[in-house]
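Values quoted throughout were computed directly from the atomic coordinates according to the rules given, and no laboratory measurement underlies them. Quick caveat, the model's predicted, so the values are computed rather than measured. Methodologically, a virtual Cβ is constructed for each residue, glycine included, from the backbone with ideal geometry; neighbour enumeration extends over all protein chains shown.
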Amino acid sequence: PRNIFFSRHGESKYNVEGKIGGDSLLSPRGMQYAKALPALITDNIGEKPLTVWTSTLKRTIQTAQYLPYTKLTWKSLDELDAGVCDAMTYEEIEQAYPDDYANRDEDKFNYRYRGGESYRDVVVRLEPVIMELERQENILIIGHQAILRCLYAYFHHLPQADLPYIKIPLHTVIKLTPKAYGCDEERYTLPI
Ligand code: F6P
């Protein structure tokens, strides 16, 4: 059976500062994750072929840099666009746009950032990625929190309203094995 692996990028500088979006580089811890990832993946996949998909953002490309497999970058895998809130902390957003902040809490799946995207928008832009994923063999996606929530919800048939709250921690590889109905799942967390 084939496997689909998901991992967020290693911890980024913006993660450390609590800022959303952006295109920052990895933190020192994030770099440790990038260095530890190849052994975890090769132990798991053995001799089977694997292709690595990243977004076009630096933190996913950096996380994939030591993986000895063919790599492909997808613009459609870039993180949810937070529009005018890009590069802000949640506290700053609450200060600057209190109504928006409350609306997002009210309906996180449909809330669209000013000048940016909603989770619903992201689900639509991921359609071609999902089409291709369904045709491929073993794929490792090095992605972003919101993106991986959408892909994870697709493979586990989770409802849209729950999707924006799915826990996709840093420094964890999620291995899905699609079955006739649903998917088996294993998680591996690196102690970094
Ligand atoms: O904080 C990391 C991050 O990937 C942001 O770039 C993104 O806006 C956010 O997580 C998505 O999570 P949430 O929808 O819960 O704010």
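List of remarks:
- Against the chain, whose longest principal axis comes from its Cα atoms, helix 28-45 is set at around 40 degrees.
- Modelled FRET efficiency - R0 35 Å, E106 with K58, Cβ distances, 0.05 increments: 0.60
- Prolate is the label for segment 96-192. Its Cα gyration tensor axes, ordered a ≥ b ≥ c, give a/c of at least 1.5 and a/b above b/c.
- Considering only the chain, percent of DSSP beta bridges that pair antiparallel, nearest 5: 50 percent
- Counting Lys and Arg as +1 and Asp and Glu as -1 over every other residue whose Cβ lies under 14 Å from the Cβ of M31, the net charge comes to +4.
- Local net charge near T172, Cβ-Cβ under 15 Å (Lys/Arg +1, Asp/Glu -1): +3
- Span from the segment 102-175 Cα centroid across to the segment 22-48 one, whole angstrom: 21 Å
- Computed helical MRE - 222 nm, the chain, DSSP H runs ≥ 4 contributing -39500 (n - 2.57), nearest 500: -11000 deg cm²/dmol
- Using alpha-carbon coordinates, inclination of helix 145-156 to the longest axis of the chain, degrees: 60 degrees
- Extension gain from R114 to R29, taking 0.36 nm per residue of separation minus the Cα-Cα distance: 27.4 nm
- Loop GluC sites (Glu not before Pro), segment 1-49 (other Cβ atoms within 10 Å of the site Cβ: 12 or fewer; DSSP): E47
- Local net charge near F109, Cβ-Cβ under 11 Å (Lys/Arg +1, Asp/Glu -1): +1
- Members of K35/K75; K71/K179; K13/K58 lying beyond 18 Å, as alpha-carbon distances in this model show: K35/K75; K71/K179
- Three principal axis lengths of segment 1-144 [C-alpha, angstrom, descending]: 53, 35, 20
- Pairwise FRET efficiency - Q65 versus A87, Cβ, R0 = 22 Å, nearest 0.05: 0.40
- Principal axis extents of the C-alpha atoms in segment 67-122 (largest first, rounded to whole Å): 46, 21, 17.
- Global geometry of segment 11-87, whether rounded, prolate or oblate, following the gyration tensor of its Cα atoms and the 1.5 cut on a/c: oblate
- Normalised by the number of residues in segment 1-109, the average gap of Cα pairs under 8 Å and 6 or more apart makes the relative contact order 29 percent.
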